[in-house]
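S.K.: Shown below is the structure under consideration.
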Amino acid sequence: MAVRTYIDDGKKLYEVYVNGFDSRGERVQRKRKGIETLRKAETIEFELMRELAKLKEEKVPLRWAEWFDECMKRMRLEMMPSTIAGYETQIKKWIHPHWANLEIRTITKSDVYDVIFNKCEGFRTQYTRRNVLKMVKRIFQMAVEEGMLDRNPSSGVSVRVSEVAQKVLTVTEVEIFLREASKSYHRFYPVWAMALMTGMRSGELFALKWTDVEFENRKISVSKAWSSKIGITSTKTRRTRIVPMSDDLLSFLKERKLKCGADSEFVLPRLNEWEHGEQARVTREFCEGIGITPIKFHDLRATFITSLLARGESLARVMSMVGHSELKTTNGYLRKAGVDVQGGTDKLGYKLPQESEATILSIVGRIK
């Protein structure tokens, strides 16, 4: 802090200079010139010192990168490590280069639109663009819930993408698929069979142990999942669910238990391709080889869901068995199964002529 004099155009004036640190620990300076009296200069010096004191004490307005790190700490308590890894990879790659040092409260809707549609030109697909926007929205929404923002600046910004048709096997194709896999002693047969009979995710199947199978109660307890990055952890929803055993599944698992032996820990084989995430390729190539719809491994789960819904199983029960956390996710399979429109053309009010009627009309026309 200092008050000094200087001459300007033959007149004696005072200058006040004050420096300090803000709440981040960064140096802050304040300066006033052209003051005519010492008394006034001393008053201004006092006011500037008070201003700097307030800056040092006030709550730090978080920057984007700082708030993102805080969000990751909180999300780790309730989300899968793979989900957190996805956030950190995508946000640090696409968003941090543009927003890292911006105070979160200064980011506007225009900034969101600009970074998503203009500055991030390297998105490989619209799906990546949409997923990154979804992550950005969640980070902002957490700031709103914390009281740091009055509204979410990303609200109203959206990315349109074309819907990808979900491939599923028909009942006939499932029978061909399982028959050919069994007949050829394919190494993935027990894995595929379990996927189609339980609707379990790949990681859940890999982590399934014999201690999770209750033969007497005819149920499977699904509480764990596996990934190549983090090993065995909780399921995607972090909840345990029960999958009931049909007669076929019960027989299959009893036979499987006999083959594995009493000392085996896991229900399904430890396959090299499975451990390296190549199950989708193996599944697709096998389907192509036997001439059925070339699906991926995860489509076996979709086949399980749509088959149950198409045969009248309730949404609530299917949702419970497959571990969907939201009803809308399971509800989406109704459309894929055609259940929501089944019978919708029965009330048209008109019919096609029967073949015999058309033949009679044709004969009558020729006689005339």
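S.K.: Using helices alone, what [θ] at 222 nm do you get for the chain, with -39,500 (n - 2.57) per DSSP H run of 4 or more residues, divided over all residues and rounded to the nearest 500?
M.R.: Rounded to the nearest 500, the figure is -15000 deg cm²/dmol.
S.K.: Related question: For R201, R27, give the ranking by accessible area with the largest first, probe 1.4 Å.
M.R.: The ranking, largest first, comes out as R27, R201.
S.K.: What ³J(HN,Hα) values, in whole Hz, does the Karplus curve 6.51 cos²θ - 1.76 cosθ + 1.60 give for region 280-285 when θ = phi - 60°, with x put for Gly and Pro?
M.R.: Residue by residue, region 280-285 yields 5, 5, 4, 5, 4, 5 Hz.
S.K.: Sequence-distant or interchain residues sharing an amide H contact under 5 Å with S234, placed H: which?
M.R.: Answer set, sorted by chain and number: A225.
S.K.: Here's a follow-up. Could you please state how large a percent of the accessible area of region 198-326 is carbon and sulfur, counting protein chains only and using a 1.4 Å probe?
M.R.: 48 percent
S.K.: For the chain, give the magnitude of the charge dipole about the Cα centre (Cβ charges: +1 Lys/Arg, -1 Asp/Glu; no others), in debye to the nearest 20.
M.R.: Computed charge dipole of the chain: roughly 400 debye.
S.K.: Separate question: Within region 130-185, what whole-number % of the accessible surface is contributed by carbon and sulfur, with the 1.4 Å probe and all protein chains included in the calculation?
M.R.: Details: 1670 of 3520 Å².
Carbon and sulfur atoms account for 47 percent of the accessible area of region 130-185.
S.K.: Also: Hey, rough spin-label estimate for S234 and R105, points 7 angstrom out along Cα→Cβ, what's it come to in nanometres?
M.R.: With each label placed 7 Å out from Cα toward Cβ, I get 3.4 nm.
S.K.: Could you give each residue of region 253-260 its phi-based ³J(HN,Hα) in whole Hz, using Karplus coefficients 6.51, -1.76, 1.60 with θ = phi - 60°, and x for Gly or Pro?
M.R.: 5, 5, 5, 5, 5, 5, 5, 6
S.K.: OK, next. Computed FRET efficiency, Cβ-Cβ of V164 and E58, R0 56 Å: what is it to the nearest 0.05? Write out the running numbers ahead of the final one.
M.R.: Numbers: r = 49 Å, r/R0 = 0.88.
The calculated FRET efficiency here is 0.70.
S.K.: Another question, if that's okay. Given R₀ = 35 Å, what would the calculated FRET efficiency be for V171 paired with R124, taking r from the Cβ atoms and rounding to 0.05?
M.R.: The pair V171/R124 has a calculated efficiency of 0.45.
S.K.: Tabulate in residue order the Karplus-calculated ³J(HN,Hα) for region 29-45, using 6.51 cos²θ - 1.76 cosθ + 1.60 with θ = phi - 60°, rounded to whole Hz; enter x for Gly and Pro.
M.R.: Residue by residue, region 29-45 yields 10, 9, 9, 9, 10, x, 7, 8, 10, 5, 4, 5, 5, 5, 5, 5, 4 Hz.
S.K.: What are the residues whose amide H is under 5 Å from the amide H of I35, where those residues sit 5 or more places off or on another chain and H is modelled from the backbone?
M.R.: HN-HN under 5 Å from I35: Y14.
S.K.: If amide hydrogens are placed 1.01 Å from N in the peptide plane, which non-local residues have theirs closer than 5 Å to the one on R63?
M.R.: Amide H neighbours of R63, under 5 Å, 5+ apart: I104.
S.K.: Using a 1.4 angstrom probe and counting only protein chains, how large is the accessible area of S223 in Å², to 10?
M.R.: Roll a 1.4 Å probe over it and S223 shows about 40 Å².
S.K.: For a Förster distance of 35 Å, can you work out the FRET efficiency between the beta-carbons of D69 and R27, rounded to the nearest 0.05?
M.R.: 0.90
S.K.: What longest range of the chain stays clear of loop-exposed chymotrypsin sites (Phe, Trp or Tyr not before Pro) (DSSP non-H/G/I/E/B, at most 15 other C-beta within 10 angstrom)? Could the numbers behind the result be given before it?
M.R.: Numbers: sites that count: Y185, F215, Y350.
Longest stretch, sites excluded: 1-184.
The values are calculated or read from the model by the stated rules, or taken from the named source; none is laboratory data. Note that the structure is a prediction, hence the values are computed from the model and not measured. Please note: Cβ atoms are built from the backbone with ideal geometry, for glycine as well, and neighbour counts cover all protein chains shown. Protein only, heavy atoms only, side chains kept; ligands, DNA and RNA dropped before computing areas. Shrake-Rupley method; radii C 1.70, N 1.55, O 1.52, S 1.80 Å.
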